[in-house]
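Enquirer: The structure that follows is given in the form of C-alpha cells.
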Amino acid sequence: MNTSLQIKNLTRDDILTHLDALAGILENCVNGGASVSFMLPFSLDKARSFWLGIAESVARGERLVLASIDPQDGVIGTVQLIVDQPENQPHRADVAKLLVHEKARRKGAAMALMEALEAEARARDISVLVLDTSTGSGAETFYQRAGWQKVGEIPRYALMPDGAMTATSVFYKFL
C-alpha cells in the first residue's frame, strides 16, 4: 500500500479546482472498459460535464466525494457516498463510482478510498452501505476482498461501454 496517499473529502470548489484531473480519471476508466454508466465513444468534455453536475450535488449535500491524492501525480482516484436517501432510510447510503486511474492501480488507492468512505459513513451514523458492479469484473473481486457481502446478480442489467450486455452484482456492507 502507498502510505503517502492522502484521502480528501472534496467540496464543490475542490471538484472545480481538480475538474481536469477528475475528468481524466473518468475518461481513462470508461475508455478502459469500466462499467460506470457511460458508453463509448466517451470524451473529456462529457467527463467534465458529469463532474460539474457532481459538484452541484455535493454543494446541495446529496453526496460526498472522496479523492485519493498522490504527492507526485495529484488526484489518482475517487469514490462517492450518496447520502440523499428517502426519509425512511437515513441509516443507509449508496456507494458509487469507485474510480482509480490505470497508472495508479494496485497500489492501495481503492482500498484507502473505501476505508475512508466507511469512516465518513460511520461519522454520519450510516450503518448500511450498498453498491452494484459489473458481474465478473475486477471490481467485483475487489469488493469481496474488502469485506462486502454479495446479495446476488441481476442478469442483463446494463451495457458495458462497448455495448455488450452485462449482469450486475449487488453488494452490501454493515458498518
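The values are calculated or read from the model by the stated rules, or taken from the named source; none is laboratory data. Small disclaimer: the values here were computed from a predicted structure and weren't measured. Heads up, the Cβs are rebuilt from the backbone with ideal geometry, glycines too, and the neighbour counts pull from every protein chain shown. Side chains included, ligands, DNA and RNA excluded: accessible areas come from the protein's heavy atoms. Shrake-Rupley method; radii C 1.70, N 1.55, O 1.52, S 1.80 Å.
Enquirer: Pairs please, first residue from region 30-43 and over 19 Å from residue 169 (Cα atoms), second anywhere and open to solvent by less than 40 Å² (accessible area, probe 1.4 Å) and assigned to a helix (DSSP H, G or I), Cβ atoms under 7 Å, 6+ apart in sequence or on different chains.
Expert: Every condition considered, the pairs that remain are 42/30.
Enquirer: Something else about it: Does region 113-132 contain at least one residue that is within 15 Å of residue 35 (Cα to Cα), at pLDDT 95 or above and buried (at least 19 other Cβ atoms within 10 Å of the Cβ)?
Expert: Restricting attention to region 113-132, the residues satisfying the condition of being within 15 Å of residue 35 (Cα to Cα) are 131-132.
If we keep only those that are at pLDDT 95 or above as well, we get 131-132.
Still in the running and buried (at least 19 other Cβ atoms within 10 Å of the Cβ): 131-132.
Yes; the residues of region 113-132 include at least one that is within 15 Å of residue 35 (Cα to Cα), at pLDDT 95 or above and buried (at least 19 other Cβ atoms within 10 Å of the Cβ).
Enquirer: May I pose another question? Within region 44-93, which residues are without any contact (Cβ under 8 Å) to a residue 12 or more places away in the chain and under 21 Å from residue 112 (Cα atoms)?
Expert: Result: 72, single match.
Enquirer: In the set 7, 25, which member is open to solvent by less than 20 Å² (accessible area, probe 1.4 Å) and either out of contact with any Lys or Arg (no Cβ under 6 Å at 6 or more places or on another chain) or farther than 20 Å from residue 118 by Cα (or both)?
Expert: Working: 7 fails: open to solvent by less than 20 Å² (accessible area, probe 1.4 Å).
That would be 25, the only listed residue that is open to solvent by less than 20 Å² (accessible area, probe 1.4 Å) and either out of contact with any Lys or Arg (no Cβ under 6 Å at 6 or more places or on another chain) or farther than 20 Å from residue 118 by Cα (or both).
Enquirer: Answer yes or no as to whether residue 83 is within 29 Å of residue 4 (Cα to Cα), open to solvent by 40 Å² or more (accessible area, probe 1.4 Å) and in contact with a Lys or Arg (Cβ under 7 Å, 6 or more places away or on another chain).
Expert: Working: within 29 Å of residue 4 (Cα to Cα): yes; open to solvent by 40 Å² or more (accessible area, probe 1.4 Å): yes; in contact with a Lys or Arg (Cβ under 7 Å, 6 or more places away or on another chain): yes.
So residue 83 passes the test.
Enquirer: Only residues that are in a strand (DSSP E or B), open to solvent by 40 Å² or more (accessible area, probe 1.4 Å), more than 15 Å from residue 95 (Cα to Cα) and not aliphatic (A, V, I, L, M): list them for region 133-172, please.
Expert: Matches in region 133-172: 153, 155, 156, 157.
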